[in-house]
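Presented below is the structure to which this report refers.
Computed from the coordinates by the stated procedures, all read-outs in this text should not be read as laboratory data. The shown structure was predicted, so the numbers you read here are calculated from the model rather than taken from an experiment. Here Cβ is always computed from backbone atoms with ideal geometry, including for glycine, and neighbour counts include all displayed protein chains.
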């Protein structure tokens, strides 16, 4: 049996110091951008100027898939995965209203709900990504043995590409559904 590092898959390039007991728990960091203002228009303007995606989003989650345990079993003249585990690393960006000087109780309440919604929305994006991290590992483990580990890596690249497309599609569909839902609520 031979263990080697998975160097052929460029889709998820990362430094790989892989251990068999590597954690697949997500690594999530949260960063904030500060907004100021005393009216809803002030807050809207600040979000448009300072928000993620060049002000086109209230919040965002930048997500990476990171291989944490990849090893091969080379026996019987064939190569298969002995271990294939991934985790996600996400940087969630949220707004922080720094100068809550507004005496308008409706604005304060609206902000409280908007801020909580942004956090929950990004948590769903993270959950979708976690599902795909598990799915990638499961699909790699299900790959049939190949004649060489290079052949196995090529098959793994196809699995990764397909899951990347499916992951992006599901993330975009979630955003679209949420936009429609919010438009119905507030439109």
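With a Förster radius of 30 Å applied to the beta-carbon distance between residue 112 and residue 64, the computed FRET efficiency rounds to 0.45. As an exercise, use a Förster radius of 22 Å and the Cβ-Cβ distance of residue 28 and residue 53 to find the FRET efficiency, rounded to the nearest 0.05. Using R0 = 22 Å, I get an efficiency of 0.75. By the count of neighbouring beta-carbon atoms within 10 Å, fewest first, 73, 104 end up ordered 104, 73. Note on residue 151/residue 179: beta-carbon distance plugged into 1/(1 + (r/R0)^6) with R0 of 35 Å gives a FRET efficiency of 0.20.
With the simple spin-label model, which puts each label point 7 Å out from Cα in the Cβ direction, the residue 134 to residue 96 separation comes to 3.2 nm.
The shape of region 85-187 comes out prolate: with a ≥ b ≥ c from the C-alpha gyration tensor, a/c is at least 1.5 and a/b beats b/c.
For the chain, the longest principal axis of the C-alpha atoms and the axis of helix 40-50 are separated by about 40°. In the set (1) 15.8, 50; (2) 18.4, 59; (3) 21.4, 74, the label that goes with Rg and Dmax of the Cα atoms in Å computed for this structure is (3). Mean separation of Cα pairs under 8 Å and 6 or more residues apart, divided by the residue count, gives region 27-186 a relative contact order of 25 percent. So in the chain, what percent of DSSP beta bridges are antiparallel if you round to the nearest 5? Looking only at bridges with both residues in the chain, the antiparallel portion is about 60 percent.
Separation of region 111-149 and region 88-109, taken as the distance between their Cα centroids, equals 26 angstrom.
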